[in-house]
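Heads up, the thing below is written out as structure tokens.
The values are calculated or read from the model by the stated rules, or taken from the named source; none is laboratory data. None of these values were measured; they are calculated from a predicted model. As a convention, Cβ positions derive from the backbone with ideal geometry for all residues, glycine included, and neighbour counts pool all protein chains shown. The accessibility values were calculated without ligands, DNA or RNA, using every heavy atom of the protein model including side chains. Shrake-Rupley method; radii C 1.70, N 1.55, O 1.52, S 1.80 Å.
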Amino acid sequence: MSKASPITATHVRTWFKGMENATDAPKVLQEHVDENVEWMVINPGDGPLGKTTPIAGLYHSREEFMKGALFPLIAPFKDGIKMEIIDVFVQPSEHNDDSQRGITKALVQMKGTAMMKNSKGWNNYYAWVLHFNNSTKKVIKYTSYLDSAAVNIALEQSN
């Protein structure tokens, strides 16, 4: 029985290339994110600041995330958001404690740029923490950090 190839920074960069344009993101998410992913967009409202943007929250499936966060976020833009990878860090599963065996963790830093429908330029910076199931090579847990003020400016333009 052959050992599955490890998830590497190259692997992560390759599939994130498909997300360079947010209009392609649903297809990429279908291919690389587990249907029952746990996806948190910070700040979900559990701290003293409360929910800092309407798309923040804990989503319990890929579909729930796309409907509650992705589609509302890309709606204000003419052609979606162009995502540029700044850096990728990967922690192989052998560095995890026993409860995380079989999981590879990755941190992806990105810059998103877009043209809003009102013809104003927009950008945001992201850090995504991903947990990959080594067997399926799909993301089973996401934590998304972003500038909620920038998100709110975009969402206000779509109203």
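Odds and ends about this structure:
- Accessible area per residue for region 35-157, computed on protein heavy atoms with a 1.4 Å probe, is 51 Å².
- Helix-only [θ]222 nm of the chain, DSSP H runs n ≥ 4, -39500 (n - 2.57) each, per residue, nearest 500: -5500 deg cm²/dmol
- Among M115, M40, M66, the order of accessible area from largest down is M115, M40, M66, computed with a 1.4 Å probe on protein heavy atoms.
- These residues, S119, S144, go from largest to smallest accessible area, 1.4 Å probe, as S119, S144.
- Translational D in µm²/s for the chain (Stokes-Einstein at 25 °C, 0.890 mPa s, Kirkwood Rh from C-alpha pairs): 151
- With 0.36 nm allotted per residue and the present C-alpha distance subtracted, the E38-F71 stretch has 10.1 nm of extension available.
- For K17, net neighbour charge (Lys/Arg +1, Asp/Glu -1) across residues whose Cβ lies under 14 Å away: -1
- Counting DSSP beta bridges with both ends in the chain, the antiparallel % (nearest 5): 90
- Set of lysines with alpha-carbon distance to K120 below 22 Å, sequence-local pairs under 8 removed: K78, K82, K111
- 15 Å beta-carbon shell around I85, net charge (K/R +1, D/E -1): 0
- Within the accessible area of region 20-159 (1.4 Å probe), percent carbon and sulfur: 50
- Residue of K138, K105, K117 that the Gaussian network model of the chain assigns the largest fluctuation, springs spanning Cα pairs under 10 Å: K117
- Other residues with beta-carbon under 11 Å from the beta-carbon of N36 carry, at +1 per Lys or Arg and -1 per Asp or Glu, a net charge of -2.
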